[in-house]
Amino acid sequence: MEDKKIQIHSPAYFFALICYDITNLFFICVILYSYGKERKSVYIATLAILLCVEIIAAIVMLLEKKKAVVFTKDTVEFTFIDENNAYALNEIEKVETHRDAGASLKKGFVDRYSSVILYLKDGSVATVELGLTTNGKLKKIENEINKRTV
């Protein structure tokens with residue numbers, strides 16, 4: 001089979017993040033300029049720190065774009081995990097996915113994370129947290145793993 005890469009986040013997610021970052025940078029720069037004309041050093045220092053934080057957030061957003069599930073001929077690799085991120089397809093017995101989509105005001109973002117549960121042939125279980133994803137992406141990953149393990 002050919003190599004395949006499935007992005008975890010949708011392009012709409014990154015478009016929204018880029019718009020948010022650009023508007024934040026714009027407002028911070030406008031406020032920084034207006035307070036700079038009045039020479040209020042406390043405000044200038046605070047807004048300069050906010051500008052640095054916003055630039056760091058934009059860099060993190062670009063790094064977040066690299067989150068993907070990469071399928072090769074005989075492995076599946078989760079690129080956003082530091083270690084033990086590749087699993088041989090011939091070692092996977094079955095795969096399940098889980099995403100809590102039930103309505104609740106008590107659940108946080110972490111409670112809504114999607115998970116891929118890999119049952120390996122040696123009896124061990126590996127759970128990979130994907131973060132916030134759509135049902136469509138989760139089913140696409142599950143179907144691709146099932147297609148390649150059969």
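Miscellaneous remarks
- Hits in the stretch 47-64 (condition: surrounded by 15 or more Cβ atoms within 10 Å (Cβ to Cβ) and not aliphatic (A, V, I, L, M)): Glu54, Glu64
- Looking across the stretch 13-23, the residues that are of a type in the set (A, V, I, L, M) and over 13 Å from the mean Cα position of the chain (by Cα) come down to Ala16, Ile18, Ile22.
- In the stretch 116-148, the qualifying residues are those that are hydroxyl-bearing (Ser, Thr, Tyr) and at pLDDT 85 or above, and the one that is most open to solvent (accessible area, probe 1.4 Å) is Thr127.
- Pairs linking a residue in the stretch 24-40 that is closer than 11 Å to Glu54 by Cα to a residue that is open to solvent by less than 70 Å² (accessible area, probe 1.4 Å) and charged (D, E, K, R), with Cβ atoms under 9 Å and 6 or more positions apart or on different chains, are Asn24/Glu54; Leu25/Glu54; Ile28/Glu54.
- In the stretch 67-87, the residue that is modelled with the highest pLDDT out of those that are in a loop (DSSP other than H, G, I, E, B) and touching a Phe, Trp or Tyr at 6+ places or on another chain (Cβ under 7 Å) is Asn85.
- Summed over the stretch 89-103, residues that are of a type in the set (D, E, K, R), part of a strand (DSSP E or B) and loosely packed, with under 15 Cβ neighbours inside 10 Å total 3.
- Of the residues Tyr13, Tyr20, Tyr33, the single one that is modelled with pLDDT of 80 or more and assigned to a helix (DSSP H, G or I) is Tyr20.
The values are calculated or read from the model by the stated rules, or taken from the named source; none is laboratory data. Note that the coordinates shown come from a computational prediction; the quantities given were computed from them, not determined experimentally. Because the Cβ atoms are built from the backbone with ideal geometry, glycine has one as well, and the counts that use them run over all protein chains shown. In case anyone asks, the SASA skips ligands and DNA or RNA and just uses the protein heavy atoms, side chains included. Shrake-Rupley method; radii C 1.70, N 1.55, O 1.52, S 1.80 Å.
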